[in-house]
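Here's the structure we're looking at; comments come further down.
Nothing in this text is a laboratory measurement; each read-out follows from the coordinates by a stated rule. This is a predicted model, so every value here is computed, not measured. Note: ideal-geometry Cβ built from the backbone for every residue, glycine included; neighbour counts use all protein chains shown.
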Amino acid sequence: MEPKFNTSFIPKKPIVETPAVSGKRSGSFNILSALSTLIFIVTILAAGGLFVYKNVLNGQIAKAEQEVNDAREAFQTQKIQDLLDANARIVATKNLMNSHVAVSELVALLQNLTLKTVKYTKLTYNSEKGAPTLNIDAEARSYNALADLSDQFLKNDFVKGQIFSNFNLVDNGNVKVNIFATLDPSLTSYKRALDVKGATQ
């Protein structure tokens, strides 16, 4: 009798995977999948946030530009230019007034200082360099009259220095002299003259 062979290739025992191996693969797959999903969600949220932030910034820039334009229109540039022009004219007028010389004040000073016994034959006023100066050729009845005139100059606040020189006797007995005096610059200031007039009115 011939032997019988089992020709079936289907195993009699069920094929079961090793629990340790199948558990390890499933766990790592789940962690990587969750991590990838999380990164994707964070990226989407970041992109959305940046888009919203960009729109907010653009809105703020547009608003700021509008506010600047409104402010520029509110300032009325033509009126500002007119005010600047007026200010330039005022400054120029002040500079002219401060540099203007009031010679009438010098004449009034000499009128108050000069004695009846003294007469001036020549008078030169110079204000080009530093403090203004006077150079006077005078003739007095006596040396005493010149001494009195010198005292008058010394007592006055506008006369800062004086030199009497070149004394000469003339035929009629009078004394000729040269007087050099340094003056306070404020004496001939047109602005001071206006202020004095305003105070006396």
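Observations, loosely collected:
- Candidate aspartates and glutamates - alpha carbon under 14 Å from K129, same-chain residues fewer than 8 apart omitted: D184
- Applying a threshold of 31 Å to the alpha-carbon distances of K54/K79; K119/K160; K94/K119 flags K54/K79; K94/K119 as lying beyond it.
- Residues in the range 118-134 carry Karplus couplings, in order, of 10, 10, 9, 9, 7, 9, 10, 10, 9, 10, 6, 10, x, 5, x, 10, 10 Hz; the curve used is 6.51 cos²θ - 1.76 cosθ + 1.60 with θ = phi - 60°, and Gly or Pro positions show x.
- Additional length obtainable on full extension of the chain from T93 to A46, 0.36 nm per residue less Cα span: 10.3 nm
- Base-10 log of normalised Debye intensity for the range 101-200 (one unit scatterer per alpha-carbon) at q = 0.14, 0.17 Å⁻¹: -0.54, -0.76
- Each residue of the range 62-68 was assigned a 3J(HN,Hα) from its phi angle through the Karplus curve 6.51 cos²θ - 1.76 cosθ + 1.60 (θ = phi - 60°); the sequence is 4, 5, 5, 4, 5, 5, 5 Hz, with glycine and proline shown as x.
- Rounded to the nearest 0.05, the FRET efficiency derived from the C-beta distance between K129 and S186 at R0 = 22 Å is 0.80.
- Pairwise label distance in nanometres, F167 with D137, each label 7 Å out on the Cα-Cβ vector: 2.0 nm
- For L115, the amide hydrogen comes within under 5 Å of no other amide hydrogen, counting only partners 5 or more places away or on other chains and with H modelled in the peptide plane.
- A P(r) calculated from all alpha carbon pairs of the range 91-144, with 5 Å bins opening at zero, reads 4, 14, 21, 21, 15, 10, 7, 4, 2, 1, 0 percent.
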